[in-house]
């Protein structure tokens, strides 16, 4: 038995799990996108591309696509630049204080997302919320934070960014922990400034993790904001906080349009495939040069 054949028994459990939980549902979703089904009765029949055409007749779906891209772009610095800066600051000042600050900053990851969103819903209540009470005490006018399109999107981004920053800061901290501090001390003895250390030692170590985290942010930003949207705004006001993930959920489990929801999921999957292919092309070009 060759080495390749001997490897298959070890790979089989993982491949079976991927087939059952990932690729199987993906294929089933593609099939459902061509059917007319309301989830409560058997599928009526094949409708071809009618579900896809119905999506583009709804302006809400196009708006949700734009909002998803907007979330991805706005959350990008919170998944890379901000956590890297915090992790570098804590790494450069080791000690008990740094561990305490790291634990405090990591709290948003430990807390349940739904519980956090519900707490913010009470804090931002336009009538009796603590935020407006504090603004009133300072002589500032209250705000309808979740009912105003100008502020609702900002609220969703800020709440989501807190968790993204906390988790990615931990990942950056693990990467920075692999740097030999003796190299840093030697560089400082030779007269290197903090900027020189960051440019020549820190950045080369975090380059690959930064690219991976940036790619994950572009792909998963809509999923990260789903819980906050569902609890706080339900996609409103006027679709200002909607995204594709919440739109799929609404089509499938509010309007019971399983065919259209599946078609929207296929469109989203196609977008992910385009991003993956573009990333592979960029890597191939960079290696060639």
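Any read-out appearing in this document is the output of simple, stated calculations on the displayed coordinates, not a laboratory observation. These figures come from a predicted structure and were not determined experimentally. Backbone-built Cβ (ideal geometry, glycine too); neighbour counts: all protein chains shown.
Annotations
- Taking other C-beta atoms within 10 Å as the exposure proxy, 190, 257, 99, 60 rank 190, 99, 60, 257 from fewest upward.
- GNM top mover of 21, 224, 91 - the chain, alpha-carbon springs below 10 Å: 21
- Listed residues 234, 128, 223, most fluctuating in the chain (Gaussian network, C-alpha, under 10 Å): 128
- Rg/Rh for the chain, where both radii come from Cα atoms and Rh is the Kirkwood radius: 1.05
- Prolate/oblate/rounded label for segment 145-268 (Cα gyration tensor, a/c 1.5): prolate
- Rg over Rh [alpha-carbon atoms, Kirkwood Rh] for segment 9-97: 1.24
- Translational diffusion coefficient of segment 79-157 (Stokes-Einstein, Kirkwood radius from Cα pairs, 4 °C, 1.567 mPa s): 86 µm²/s.
- With R₀ fixed at 30 Å, the C-beta to C-beta distance from residue 56 to residue 215 puts the FRET efficiency at about 0.65.
- For the chain, built as a Gaussian network whose Cα springs stay under 10 Å, the top-fluctuating residue of 49, 213, 146: 49
- Between segment 88-110 and segment 265-283, the alpha-carbon center distance in angstrom: 35
- Of every Cα-Cα pair in segment 157-230, the percent that sits beyond 13 Å: 72
- Fewest-first ranking of 156, 258, 179, using other Cβ atoms within 10 Å as the exposure measure: 179, 258, 156
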